[in-house]
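The next block holds one structure in the form of structure tokens; read it before the comments.
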Amino acid sequence: MGMTTVTAIISLLMQAGPNPYGGAVPDYSAEVQDRPPDDSHVIEEQAKPSWLGDCFELVESDPARAHAQAQIRRETVSGDERVLANHCLGLAATRLERWEEAREAFLAGRNEVPADDMRMRARLGAMAGNAALAQGDRDDALALLASAYGDAQAASAGDLQAFIALDQASLLVSLGRLEEAAALLEESRRLQPANPESWLLLATLMRRMDRLDEAQAHIEEAAKLAPTDPRIALEAGAIAVLGGRDDAARQSWESVIALEPEGALADIARGYLQQLDEAP
């Protein structure tokens, strides 16, 4: 492959870094699996009021209506129900891309969480951090995520800690603090070794830091855990081409197209393949 082609591909590759949620504000409810069964004080384990389920359903189908209902509800309830109303309000505000309002709602909920429910405090704090990031306030986002990480650690919520570490790492990469990001990704991988996201993002970061042997080892592990994920195949090709293994890169990028023919990742893979084909 010619040097011009190598340079062009490297230029494209270096624009892509760890970004687990693509700018969205994640609600960690679905990911969290290891909630202690005997923790009767956790808000989300208690019997939820009927209005809450309706509010969360409306976040998906009619966020403006959910937003209005949550605003009204939080003014008429107290205690745990007020925390949950702020949670729903924050999610609705993110759907409407009202980031400042989302951050304020998540923080209001976090600050009213009972002292013995550090898990819920960590969840809401992390969502506030992501809302701040979506708003462009990276300094506040970093502080909020760090606080949420500490709350998750205090709650012995390793799963939640791992997901927050991914968010922190993504933000640190954008700030050019790559070694700190790598340490957090290593911690996330340690806490959730079966999560391919940590292995993928660590491979991406190692590739960006020109530590290709480590990147290769990490992407192989990610591929074992999620063999049909086109993002992993795309990254595998990136690592291969930078290591001078053009045939392996071609095979990986062709598999991206096979896995997701009409997706944006397939378009990127086609661009890389075209550059390989045009090489001397």
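When you scan region 213-222, do you find a residue that is over 25 Å from E260 (Cβ atoms), at pLDDT 95 or above, of a type outside the set (A, V, I, L, M) and assigned by TED's automatic domain parsing to the domain that holds L276, even just one?
Yes - at least one qualifying residue is present in region 213-222.
Can you pull out every residue in region 142-165 that is assigned to a helix (DSSP H, G or I) and surrounded by fewer than 22 Cβ atoms within 10 Å (Cβ to Cβ)? First the steps, then the outcome.
Step one: filter region 142-165 for residues assigned to a helix (DSSP H, G or I), giving 142-154, 158-165.
Hits for region 142-165 are L142, A143, A146, S147, G150, Q153, A154, G158, D159.
List the pairs whose first member sits in region 136-152 and is under 15 Å from L166 (Cα atoms) and not assigned by TED's automatic domain parsing to the domain that holds T94, whose second member is among the aromatic types (F, W, Y) and in a helix (DSSP H, G or I), and whose Cβ atoms are under 7 Å apart, counting only residues at least 6 apart or on separate chains?
none
State all residues of region 121-137 that are within 18 Å of L201 (Cβ to Cβ) and either among the aliphatic types (A, V, I, L, M) or touching a Leu at 6+ places or on another chain (Cβ under 7 Å) (or both); if no residue qualifies, say none. Even if it seems obvious, please write down each step before you answer.
Narrowing region 121-137 to residues within 18 Å of L201 (Cβ to Cβ): 126, 129-130, 133.
Selection gives A126, G129, L133.
Can you tell which of A194, A203 is more than 20 Å from A157 (Cβ to Cβ) and either of a type in the set (G, A, S) or touching a residue at least 60 places away in the same chain (Cβ under 8 Å) (or both)? Don't jump to the end; show me each part of the working.
Values: A194 fails: more than 20 Å from A157 (Cβ to Cβ).
None of the other options fit; the residue is A203.
Any idea which of R98, R103, R82, R73 is under 21 Å from S170 (Cβ atoms), modelled with pLDDT of 85 or more and not assigned by TED's automatic domain parsing to the domain that holds D277?
The unique qualifying residue is R103.
Please note which helices (runs of 4 or more DSSP H) are completely contained in region 166-280 and include at least 1 residues that are within 30 Å of D140 (Cβ to Cβ) and of a type in the set (V, I, T).
Of the helices (runs of 4 or more DSSP H) lying wholly inside region 166-280, those with at least 1 residues that are within 30 Å of D140 (Cβ to Cβ) and of a type in the set (V, I, T) span 196-208.
Restricting to region 117-176, name every residue that is within 26 Å of M209 (Cβ to Cβ) and among the basic types (K, R).
If the condition is that a residue be within 26 Å of M209 (Cβ to Cβ) and among the basic types (K, R), then R138 is the only one that fits.
Only one of (1) surrounded by fewer than 20 Cβ atoms within 10 Å (Cβ to Cβ); (2) farther than 26 Å from A131 by Cα; (3) under 21 Å from the mean Cα position of the chain (by Cα) is not met by R207, so which one is it?
Failed condition: (1).
The values are calculated or read from the model by the stated rules, or taken from the named source; none is laboratory data. What you see is a predicted model, and the numbers here were worked out from it, not measured in a lab. Ideal geometry is used to build each Cβ from the backbone, glycine not excepted, and the neighbour counts take in all protein chains shown.
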